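Taking it in order: structure first as structure tokens, then the write-up.
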Amino acid sequence: MKKFLLTTAAVFTLSSFSFVQADITEAAPQTKYISKAKAQELALKIVSGKVVDIEFDLDDRTPHYEIEIKNSKKEVDLEVNAVTGKVTVTDREPIQKQKAAKTTKLITKEKAIELAKAKLNGKGKVTDIELEHEDHVRYYEMELTHGKTEYDVKIHAVTGKILKFERD
């Protein structure tokens, strides 16, 4: 009976030691990881574009690099195993292109001059005119003379509304 107990105790002790040894081996940190540059190279073989972010991570006790790559069509997230170099795509999103801003048609310089002269009963001579842009508003700024009097005029370049009509 003593032999049976000693044998059982010995088997139990040895098996416990092997479980503990396995846990220690699994928990021991790996020191032979692929470099960040190598991980980036492997990821770019899977998805072409520009690497915009790369981070080393140890979550789930698996060392890996998390890499984000963008190109003109998509944004792709990948994981590269830092030990094996295996690349896995974890997310893929198409890039939404913004629609071009609606271009607003401007009135012509001739129309702006016509509107300014209308304030002087169709008379006057334009000595200077420029298309300006200030505070998200486009307008024609002009100098107009009638007789010996000079006028500074601003005409909204989209609506044609007179923004300023001053005598100098």
### Task
Report the full-extension gain for the segment residue 60 to residue 108: residue separation times 0.36 nm, less the Cα-Cα distance, to one decimal in nm.
10.7 nm
### Query
If each of residue 72 and residue 166 carries a label point 7 Å out from its Cα toward its Cβ, how far apart are those two points in nm?
4.9
### Task
Can you tell me how much longer the chain between residue 37 and residue 118 gets when fully stretched, taken as 0.36 nm per residue apart minus their C-alpha distance, in nm with one decimal?
22.2 nm
#### Entry: Debye log10 I(q)/I(0) for the stretch 37-97, one point scatterer per Cα, at q = 0.17, 0.25 Å⁻¹
-0.50, -0.98
#### Entry: In the stretch 37-97, lysine pairs with alpha-carbon atoms under 19 angstrom apart (chain gap of 8 or more, or interchain)
14
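Here, each number is a calculation from the coordinates, and none is a lab measurement. Only a predicted model underlies this, so the values are computations on that prediction, with no experimental measurement involved. Methodologically, a virtual Cβ is constructed for each residue, glycine included, from the backbone with ideal geometry; neighbour enumeration extends over all protein chains shown.
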